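The values are calculated or read from the model by the stated rules, or taken from the named source; none is laboratory data. Computed from a prediction, not measured in an experiment: that's the story for all the values here. Don't worry about glycine lacking a Cβ; one is built from the backbone with ideal geometry, like all the others, and counts go over all protein chains shown. The protein model used for the area step is the full one, side chains on, heavy atoms only, and it has no ligands, DNA or RNA in it. Shrake-Rupley method; radii C 1.70, N 1.55, O 1.52, S 1.80 Å.
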Amino acid sequence: MGSFTAACVQMRSGRDPAANLETFETMVREAAGQGADYVQTPEMTGLLVRDRDELLGKVRDEASDPLVAKASALAGELSLHLHIGSTAIRLDNGKAANRGFLFGPDGALIARYDKIHMFDVDLPDGESWRESNTYRPGDEAVVASTPLGAIGMSVCYDLRFPHLYRAQAQAGAEVLTVPAAFTRQTGRKHWHILLRARAIENSAFVIAAAQGGLHEDGRETYGHSLIAAPDGTVLAEAQGDEPCIVTADLDMKAVAAQRSSIPNLANDQDFTIDVVG
């Protein structure tokens, strides 16, 4: 096992796909210039808009999506692994997929992942979300084998479902990814502790590029893009919600060392549950 430099691109995507695409390209090139071998962007890189009709009126299918095409070209040109955390992709059923893409240094698509868990919640401050009205949930977890290591893919709200990451780790994932557009309200309370917990309980690196700040559609996201080590140590973090790039060097030997030191994955046991009383 070797090491590689990972970069989180923290964005503030808005309602104009062309403007978001320009920002995406500029920041990916900047990350590559900083020596990144792997670059991850946030959830909803290509378009971040709350209104369902507006979103569905702007999104494209995968074959004609300009962000997907640009990501493939950039990955090949810059010879890096490029992970679009997610972008909205038009489906043929009147909904979209919240889909992540991982491209290799040759520009080829390695893996795609559709967000499984929909953010259907009513928050204490009155903020309400119903992602399932717009997006079709995925039904397949993904672990991508790459020369950097085995990479587990997820998106944002998936973070609250630890069994997803346990299944990925047990399938061999050494790096867990959580690109996100976490709300400011929930991010202040839970972002750091949940990311570090996923790293610790699975003895895996966690890479989480985030949206940050006040967006054109009125939502506020938390930012604080973060990279954590298998023991939960924060290796890099964006200190706020402004667009930026954070990087860290990942020594993949740390995964095996942590799993040997605390072998909870190997010690896992099947069990049944008995609800009594």
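For LEU74, what charge total do you get from the other residues with a beta carbon under 10 Å from its beta carbon, if Lys and Arg give +1 and Asp and Glu give -1?
Net charge in that neighbourhood comes out at 0.
Of TYR135, TYR165, TYR157, which has the most accessible area with a 1.4 Å probe, and how do the rest follow in descending order?
My answer, sorted largest first, is TYR157, TYR135, TYR165.
Using θ = phi - 60° and the Karplus curve 6.51 cos²θ - 1.76 cosθ + 1.60, what whole-Hz ³J(HN,Hα) does each residue of segment 20-28 get, with Gly and Pro shown as x?
5, 5, 5, 4, 3, 4, 4, 6, 5
I need the Debye-formula profile for segment 147-229: one equal scatterer per C-alpha, no solvent, reported as log10 I(q)/I(0) at q = 0.12, 0.13, 0.14, 0.15 1/Å, two decimals.
Taken in order of the listed q values, log10 I(q)/I(0) reads -0.33, -0.38, -0.44, -0.50.
Using the basic label-point model (7 angstrom from Cα toward the beta carbon), what is the GLU242 to ILE193 distance in nanometres?
2.9 nm
Send over a whole-number figure in Å² for the accessible area per residue of segment 127-277, probe 1.4 Å.
Accessible area per residue, segment 127-277: 45 Å².
Between ASP249 and ALA69, what's the calculated FRET efficiency when r is the beta-carbon distance and R0 is 35 Å? Round to 0.05.
Here the calculated transfer efficiency is 0.70.
How long is the gain from GLU220 to VAL276 if the chain were fully straight, where each residue apart is worth 0.36 nm and the alpha carbon distance is subtracted?
Using 0.36 nm per residue and subtracting the Cα-Cα distance, I get 15.8 nm.
Once the dipole of the chain is set up with Lys and Arg at +1 and Asp and Glu at -1 on Cβ about the Cα centre, which of ALA31, ALA209, THR45 lies farthest towards its positive end?
Positive-end residue among those listed: ALA209.
Heavy atoms only, probe 1.4 Å: what % of the accessible area of segment 204-277 goes to carbon and sulfur, would you let me know?
After summing per-atom areas, the C and S share lands at 51 percent.
Please get the size of the charge dipole for the chain, origin at its Cα centre, with Cβ charges of +1 on Lys and Arg and -1 on Asp and Glu, quoted in debye to the nearest 20.
120 debye
Kindly sort ILE245, ILE193 by accessible area of their heavy atoms, largest first, with the probe set to 1.4 Å.
So, going from the largest accessible area down, we get ILE193, ILE245.
Nearest 0.05, what FRET efficiency do ARG130 and SER260 give at R0 = 35 Å with Cβ-Cβ as r?
Step by step, r from the Cβ atoms, then E = 0.20.
Quick one: putting +1 on the C-beta of Lys and Arg, -1 on the C-beta of Asp and Glu, what dipole do you get for segment 101-228 around its Cα centre, in Debye to the nearest 20?
320 debye
Could you sort 224-234, 174-184 so that the peptide with the highest average Cβ count within 10 Å comes first and the rest follow in order?
Going from most to least packed, we get 174-184, 224-234.
For segment 111-160, what is the charge dipole size about the Cα centre, in debye to the nearest 20, if Lys and Arg each add +1 at the Cβ and Asp and Glu each add -1 at the Cβ?
The dipole magnitude comes to about 240 debye.
In vacuo Debye scattering of segment 62-128, one point per C-alpha: log10 I(q)/I(0) at q = 0.21 Å⁻¹?
For segment 62-128 at q = 0.21 Å⁻¹, log10 I(q)/I(0) is -0.84.
So what is log10(I(q)/I(0)) for segment 1-127 at q = 0.11, 0.12, 0.18, 0.22 1/Å, when the Debye sum runs over its Cα atoms only?
After summing over all Cα pairs, the log10 values are -0.39, -0.46, -0.95, -1.30.
Could you tell me the calculated FRET efficiency between GLU30 and GLU140, based on Cβ-Cβ distance and R0 = 35 angstrom, to the nearest 0.05?
Once rounded, the FRET efficiency stands at 0.60.
Distance in nm between label sites at GLN185 and ASP122, each 7 Å beyond Cα in the beta-carbon direction?
Output for this residue pair reads 1.2 nm.
Ignoring ligands, DNA and RNA, how do ASP249, ASP51 rank by accessible area with a 1.4 Å probe, largest first?
Heavy-atom accessible area, descending, gives ASP249, ASP51.
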